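S.K.: Could you have a look at this structure, given as structure tokens, before my questions?
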Amino acid sequence: MSPGLRWGLKKLEYKTAMFKIYRILLCLLLLTGLTATAMAGSRGFGNRIFDPGKLLPVDSHLTVQVGDMAPDFELPAISGKSISLKAFRGKKNVMLSFIPAAWTPVCSDQWPGYNITQEIFKKHDTIVLGISVDNIPTLFAWTGEMGELWFDVLSDFWPHGDVSRRYGVLRSDGMADRALFLIDKTGRLQFAHVGDINVRPDLQIIVHELEKLP
Amino acid sequence: MPRPWRMVPENYRSGIRSGVSKTKPLRIFFLQFMDLIKLADIVIKPKFSSICKGKFTMRYFNLICLSLLFLTLCCGQALGQVSEAEPALDFSLSAPESDVHRQYLGLLSGDSFSLEQIKADIVIIEIFSMYCPICQREAANINTLFSLIQGLPSQDKTIRFLGIGAGNSAFEIEFFRKKYAIEFPLFSDSDFVIHKKIGEVRTPHFLGLKRNDKGNLEKFYSGPGDAPHPQAFLETLLKRSKDPS
């Protein structure tokens, strides 16, 4: 065997060995369970929750600014009604809650919280509109697991994510980012928050902004 | 989609683990085992043979390696199973601001405390979240459970009940406490630190701890509980505290 070939074979052996070491380390990591994710997750959804893993925290760019007139829209709600943002002008403040996807861990743990905080929103003469790019049947089945919601849940399914795109929260994967918008009675945007998609926004942020509403 | 979606089983923490340690353990174990043998053959054997040339040890090189690797992997598996069955309870909680709650838990001073510092024979912990629909629906039943515990004869063992809000901020905990008129102490675990330590359980989840002969707290119950039937659930807890089996 020529020295060159021997050297090549030795190098190949070394590379193979290194590859094996990485593979072993990966297996050991799996065995020790270090790859498990950290989410609370309610038993209420049974085994029907999908875990997307850790996603890119924000994957969109806001197209609206505080002080702007909020883009108007009309979307179908799971109640069968068609909800228009304009309809609340001069009557109620509106909080838009965009969530990425139904049947996912963090989203499933967000709106049930708003469902028990109705008195806070009522105190500030504010209604909540939950918006998702999922279709109506999916949203109907999913929110049914949360109990009876006091606020409307709207589907931004078709044209897919059109409202999310107009607010600048549509991600490149077709989901919406986890975003909150507060719109006052004149239709002007008073607060815009696009948080880490993997984390639920703290209720305190919302209460703090509600208190600042004119 | 940056990552493929994967189905999450009923208890997705232990589910992910069981996916590795129950459904595929033999395959992974075998692959690991074969990889390590090959690695030993490629990397260690040539060096080993230069040291032990012609000696007795060399003849049994593969056998020695096999035994050592097998033992190492078995220990790893065993340790993994132990850690799953016995999640760590060595966490601290912020001391309650309320004097009533401090007194209830038997805490004298300090900003934080460990479970061991609670003056009680039995400690029951509810892992909950204000965002969890079941926790919301069952809040009244949990209050009943607390009242039942409070109503137990004083000559019996001291039982203390507390709640830990997984992923809930102090503000959210306070809202939940007021909303459902909860009298027992509630604690915030906003960053899921405690939740991770106890095995990322789904909410609501109950832990029952009792003092052993050495005076340390040991777990006698871990499960979803039976909040719709507080009396029966309390009886189960008391029974299990005497006989965990």
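The values are calculated or read from the model by the stated rules, or taken from the named source; none is laboratory data. Since we're looking at a predicted model, the values are computed, not measured. For neighbour counting, all protein chains shown are included, and Cβ atoms are generated from backbone atoms with ideal geometry for every residue, glycine included. The area values use the complete protein model at the heavy-atom level, side chains included, leaving out ligands, DNA and RNA. Shrake-Rupley method; radii C 1.70, N 1.55, O 1.52, S 1.80 Å.
S.K.: Could you compute how much accessible surface A:LYS54 exposes when probed at 1.4 Å, giving the result in Å² to the nearest 10?
M.R.: That residue has around 130 Å² of solvent-accessible surface.
S.K.: Near the amide H of A:ASP51, under 5 Å away, which other amide H atoms are found, from residues 5 or more places off or on another chain, if H is placed in the peptide plane?
M.R.: Distant-sequence amide H within range of A:ASP51: B:ARG6, B:VAL8.
S.K.: Across the range A:194-199, in residue order, what do the Karplus-derived ³J(HN,Hα) couplings come to in whole Hz, using 6.51 cos²θ - 1.76 cosθ + 1.60 with θ = phi - 60° and x for Gly and Pro?
M.R.: 10, x, 4, 4, 7, 10
S.K.: Let me ask something else about it. From the phi angles alone, apply the Karplus equation (6.51, -1.76, 1.60; θ = phi - 60°) to the range B:205-212 and give each ³J(HN,Hα) in whole Hz, x where the residue is Gly or Pro.
M.R.: 9, 10, 10, x, 10, 9, 6, 8
S.K.: Same structure again: With the dipole of the range B:92-242 worked out from charges on the C-beta (+1 for Lys and Arg, -1 for Asp and Glu) around the Cα centre, which of B:ILE198, B:PRO153, B:GLY110 lies farthest toward the positive end?
M.R.: The listed residue farthest towards the positive side: B:PRO153.
S.K.: Here is a further query. Pairs to check: A:LYS123/A:LYS212; A:LYS123/A:LYS185; B:LYS179/B:LYS219. Give those whose C-alpha atoms are more than 23 Å from each other in this structure.
M.R.: Working: A:LYS123/A:LYS212 13 Å; A:LYS123/A:LYS185 15 Å; B:LYS179/B:LYS219 30 Å.
In this structure, B:LYS179/B:LYS219 exceed 23 Å between Cα atoms.
S.K.: Could you report the range A:58-214's accessible area per residue, 1.4 Å probe, as an integer in Å²?
M.R.: 40 Å²
S.K.: How many percent of DSSP beta bridges within the range B:92-242 run antiparallel, rounded to 5?
M.R.: Antiparallel: roughly 60 percent of the beta bridges in the range B:92-242.
S.K.: How many percent of all Cα-Cα pairs in the range B:92-242 sit more than 23 Å apart?
M.R.: When every Cα pair of the range B:92-242 is considered, 31 percent fall beyond 23 Å.
S.K.: Now for a different question. Hey, what do the phi angles of the range B:214-231 turn into as Karplus ³J(HN,Hα) couplings, whole Hz, using 6.51/-1.76/1.60 and θ = phi - 60°, x for Gly and Pro?
M.R.: So the Karplus estimates, Gly and Pro as x, are 7, x, 9, 7, 10, 7, 10, 8, 8, x, x, x, 8, 4, x, 10, x, 5 Hz.
S.K.: Pull out the extension gain between B:SER114 and B:ALA232, defined as 0.36 nm times the separation in residues minus the alpha carbon to alpha carbon distance; nm, one decimal.
M.R.: 39.6 nm
S.K.: If amide hydrogens are placed 1.01 Å from N in the peptide plane, which non-local residues have theirs closer than 5 Å to the one on B:SER222?
M.R.: Close amide H contacts, sequence-distant or interchain: B:GLY208.
S.K.: Sticking with this one: Please give every one of the aspartates and glutamates within straight-line cross-link reach of B:LYS214, meaning a C-alpha to C-alpha distance under 14 Å, and leave out same-chain neighbours fewer than 8 residues apart.
M.R.: The reachable aspartates and glutamates, counting only those whose Cα sits under 14 Å from B:LYS214, are B:GLU116, B:ASP121.
S.K.: Over all distinct alpha-carbon pairs, what is the Kirkwood Rh of the range A:58-214 in angstrom?
M.R.: One decimal place: 15.3 Å for the Kirkwood radius.
S.K.: If I model a spin label at A:ARG188 and A:ILE205 as a point 7 Å from the Cα along the Cα→Cβ vector, what separation in nanometres do I get?
M.R.: Here the answer is 2.3 nm between the modelled labels.
S.K.: While we're on this one: Considering only C-alpha atoms, what is the centroid distance from the range A:158-214 to the range A:60-101, in Å?
M.R.: Here the two parts' Cα centres lie 9 Å apart.
S.K.: List every residue whose amide H lies under 5 Å from the amide H of B:ILE164, counting only residues 5 or more places away in sequence or on a different chain, with H placed 1.01 Å from N in the peptide plane.
M.R.: Result for B:ILE164 returns B:GLU126, B:ILE127, B:PHE128, B:PHE187.
S.K.: Chains A and B: how much accessible area gets covered up at their contact, both sides added, probe 1.4 Å, in Å² to the nearest hundred?
M.R.: For chain A against chain B, roughly 4700 Å² becomes buried.
S.K.: Do any residues of the range B:129-152 lose at least 30 Å² of accessible area when the full set of protein chains is present rather than just their chain alone, and if so which, with a 1.4 Å probe?
M.R.: B:MET130, B:TYR131, B:PRO133, B:ILE134, B:GLN136
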